[in-house]
Amino acid sequence: SQQGEEDPQALSIQEGENATMNCSYKTSINNLQWYRQNSGRGLVHLILIRSNEREKHSGRLRVTLDTSKKSSSLLITASRAADTASYFCATDEGYNQGGKLIFGQGTELSVKP
Amino acid sequence: EAQVTQNPRYLITVTGKKLTVTCSQNMNHEYMSWYRQDPGLGLRQIYYSMNVEVTDKGDVPEGYKVSRKEKRNFPLILESPSPNQTSLYFCASSKGVRYTGELFFGEGSRLTVL
């Protein structure tokens, strides 16, 4: 089942610009996470935001969560060429039955030097 | 170093030849899971395990088996691989018995079934 859906599917920006990616989901969640994947490599956890939080920061990353709209956004400030990767949101569907993390399709970010 | 290790990283095999992809984590995590990643379909969960001897189906379990005899290992077994199982496979683990937090991923196993 598709829970998180990212938007846009692809984003191309210049180094130094900010990148914003959005994620929408359908059912209630306990938390939402963002992951990064460099081409063909394993996913790396970036940040987790709980359903009772509205905003969270980690270095150049800022995540917001709006549970009323069932949406989240990931902002990468002052982007660098090394930020080029795919970014996925993931939600814990059915968390009180404990077991599933559902990933969206991802946003491909390209940061040009 | 805390890590999830998958083997093999790359494999080309033929239809019907049984294979096992191993997964091992050194973080004493309770929860482990297998995903497959396909273009246009994203990551889909195959099986997961919340503890030793406890496994459950994910979204796409057909054609796969798993076992969890020890906490650290969670092998994925393809009894009779078919070309539609050609994919990039990821093993992941998390410390909660019920999944609630960060997943740690292996580097992936790229499987081609001819």
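Where a number appears in this text, it was derived from the coordinates with a stated rule and is not lab data. Bear in mind the structure is a predicted one, so any value in this text is a computation, not a measurement. Because the Cβ atoms are built from the backbone with ideal geometry, glycine has one as well, and the counts that use them run over all protein chains shown.
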Once you place label points 7 Å from the Cα toward the Cβ at B:E1 and A:A81, how far apart are they in nm? 2.4 nm
Residue of B:F90, B:F74, B:F104 that the Gaussian network model of chain B assigns the largest fluctuation, springs spanning Cα pairs under 10 Å: B:F104
Using 7 Å Cα-to-Cβ label points, what is the A:R41/B:V14 separation (nm, one decimal)? 3.6 nm
Sorted by Cβ neighbour density within 10 Å, fewest at the top, the residues B:E30, A:E55: A:E55, B:E30
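Sort the following peptides by mean Cβ neighbour count (other Cβ atoms within 10 Å, averaged over residues), highest first: B:11-20, A:14-23. If you can, show how the numbers build up before the last one.
Numbers: B:11-20: 12.6, A:14-23: 16.2.
Output ranking for B:11-20, A:14-23: A:14-23, B:11-20.
Using the crude model of +1 on Lys and Arg Cβ and -1 on Asp and Glu Cβ, and no other charge, please compute the dipole size for the protein assembly as shown relative to its Cα centre, in debye to 20.
Numbers: 27 positive and 23 negative charges, 82 e Å.
Around 400 debye, computed over the protein assembly as shown.
Using Cα-Cα distances under 8 Å and only pairs 6 or more residues apart, what relative contact order does chain A have, in percent? Mind dumping the intermediate values first?
Values: 291 pairs, mean separation 43.5, N = 113.
The value is 38 percent.
Per residue, how much space in cubic angstrom lies within the convex hull of the C-alpha atoms of chain A?
Per residue, the Cα convex hull of chain A comes to 95 Å³.
Residue by residue through A:100-111, how many Cβ atoms from other chains fall within 10 Å of the Cβ on average? Each step should come with its number before you reach the end.
Working: counts 7, 14, 6, 7, 2, 5, 3, 0, 0, 0, 0, 0.
What the average comes to for A:100-111 is 4.
Partner chain Cβ atoms within 10 Å, averaged over the residues of B:41-49 - can you pull that number for me?
Values: counts 2, 11, 11, 4, 6, 0, 0, 4, 1.
Mean partner shielding for this stretch: 4.
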Within 10 Å of each Cβ in A:39-47, the average number of Cβ atoms from other chains: 5
A:R54 and A:E15 label points (each 7 Å along its Cα→Cβ direction) are spaced in nm at 3.7 nm
Connecting C-alpha atoms closer than 10 Å in a GNM of chain A, tell me which of A:S79, A:S68, A:S58 has the biggest fluctuation. A:S68
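When A:C89, B:C23 are ordered from fewest to most other Cβ atoms inside 10 Å of their Cβ, what list results?
Values: A:C89 29, B:C23 25.
Final ranking by Cβ density, sparse to dense: B:C23, A:C89.
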